[in-house]
Amino acid sequence: MNLRELELFGTLMRVGTTIETAAVLGISQPGVSAQIKRIEARLRLTLFQRVGNRLEPTAEAHALFAQAAPIFTTQAEIRSRIEGLASAARAPVTISATPVTISATPAIVEGFLAERLATAGYDNWRKHLRLWVTEPETDVRSGRADIGLQMAVPAKADFHAETLMEVALGAVMRRDHPLASKDRLSITDIAAEPLVSYDPAWSPMGAVIQQAFRAKGLKYNLSCEAPFCSTVCHLVEACGGVGVIDALTAGRLTSPALVWKPLGNVPTVPLIVFHRRKEPLRSAVLSLLTLLKTPAAPKGKGRNAQSE
């Protein structure tokens, strides 16, 4: 495949339909279908099978997508870098007019960042903020974000990182689940359940959970791989099983159908704030960092979160 064909293939793998692929790439839907057929004919591989109104990737397509993942990551980084350079070129000369830009995962935005912003002068939006809820490491590395917030980020040579707090992990399940009657659970308790959690190959939190399973001689077998804690909660509520989520997400559970139980033998995960190493930060960013690092007063848990 050439780069254009790889872009089309990767987009279709991510969005799942030829209509959405056409919209993302700015081409016609018949054009997407025709190009996929030409690629399959030349490769002599069936990459997609039509199931109803969707194209379902074959095993060969998944293998090819995994092999090409670094290309797609580089493409996203280049696109983000171009956007950042273009934005900087259009920005006013006055540095103070440029908003602080943060990239964080959904759980951190909802369970940590939102309340801290109110004390940092953003109440009633007296200050301008730009927030990305995408891939913090990529956004900070490319210059798209001033600082990133993420859990369990391994040390990186190009980042200066600090731990803001340690966050407990626990199990989320439906209120009528047999394990819901227990006050506290262990890895052994949930190992035999259908698990909704994170792929350790791309999720730092998934790697922490996998290590906890291995420490007990248990296999970390997932029934469903999900990207975010909030996604895990929705899937567990809809389809059952047991999910593993952090205490920040648990503290904001609103569904009466779900309960959260602490996992006693799983290590906490650090909530990390990081920025590019050896690059000076603007005063507005430094002020926000100072407030983020200031310990907050204890607050009550969500109505469905249960712990000791």
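The values are calculated or read from the model by the stated rules, or taken from the named source; none is laboratory data. As the structure is a computational prediction, the values presented were derived from the model and not from experiment. Cβ atoms come from the backbone with ideal geometry, glycine included; neighbour counts cover every protein chain shown.
For the reader, a short list of remarks on this structure follows.
- The residues of the range 138-171 that are out of contact with any Lys or Arg (no Cβ under 9 Å at 6 or more places or on another chain), assigned to a loop (DSSP other than H, G, I, E, B) and hydrophobic (A, V, I, L, M, F, W, C), listed by number, are A152, V153, A155, A168.
- Residue match in the range 237-259 (condition: of a type in the set (S, T, Y), at pLDDT below 90 and surrounded by fewer than 16 Cβ atoms within 10 Å (Cβ to Cβ)): yes
- Single residue of the range 202-236 satisfying the filter (in a loop (DSSP other than H, G, I, E, B) and within 26 Å of V133 (Cα to Cα)) that is modelled with the lowest pLDDT: W202
- Matching residues, the range 172-194, being modelled with pLDDT under 95 and in a strand (DSSP E or B): L185
- Lone unmet requirement of (1) within 30 Å of A212 (Cα to Cα); (2) out of contact with any Ser or Thr (no Cβ under 8 Å at 6 or more places or on another chain) for Y122: (1)
- Filtered residues of the range 165-205 (kept if aromatic (F, W, Y) and touching a residue at least 12 places away in the same chain (Cβ under 8 Å)): Y198
- Of the residues making up the range 177-206, those that are acidic (D, E) and out of contact with any Leu (no Cβ under 7 Å at 6 or more places or on another chain) are D183, E193, D199.
- Qualifying residues in the range 1-47 (those that are in a loop (DSSP other than H, G, I, E, B) and touching a strand residue (DSSP E or B) at 6+ places or on another chain (Cβ under 7 Å)) - the one modelled with the highest pLDDT: L47
- Pairs where the first residue, in the range 266-285, is touching a residue at least 24 places away in the same chain (Cβ under 8 Å) and over 23 Å from K127 (Cβ atoms) and the second is surrounded by 13 or more Cβ atoms within 10 Å (Cβ to Cβ) and basic (K, R), C-beta under 9 Å, 6+ apart: R277/K156
- Of the residues making up the range 257-288, those that are over 20 Å from V232 (Cβ atoms) and within 22 Å of the chain's Cα centre (by Cα) are I272, V273, F274, H275, R276.
- Residues (within 14 Å of L55 (Cβ to Cβ) and small (G, A, S)) located in the range 22-36: A22, S33, A34
- Checking the range 61-71 against the condition returns a match, with at least one residue being among the β-branched types (V, I, T), surrounded by 12 or more Cβ atoms within 10 Å (Cβ to Cβ), outside the structural domain of W202 (by TED's automatic domain parsing) and in a helix (DSSP H, G or I).
- Restricting the range 175-228 to residues that are within 18 Å of A107 (Cβ to Cβ) and of a type in the set (F, W, Y) leaves a set whose member that is surrounded by the most Cβ atoms within 10 Å (Cβ to Cβ) is Y198.
- The residues of the range 133-156 that are over 13 Å from S80 (Cβ atoms) and not aliphatic (A, V, I, L, M), listed by number, are D146, Q150, P154, K156.
- Pair list, Cβ under 8 Å, 6 or more apart: the range 207-235 residue touching a residue at least 12 places away in the same chain (Cβ under 8 Å), other residue among the hydroxyl-bearing types (S, T, Y) and in a helix (DSSP H, G or I): K216/T188; L218/T188; C229/T249; S230/T249; C233/T249
- The listed residues are A155, A171, A114, and the only one of them that is within 29 Å of Y220 (Cβ to Cβ) and not assigned by TED's automatic domain parsing to the domain that holds V244 turns out to be A155.
- Per this entry, A215 is not counted among residues that are farther than 16 Å from P262 by Cα and under 20 Å from the mean Cα position of the chain (by Cα).
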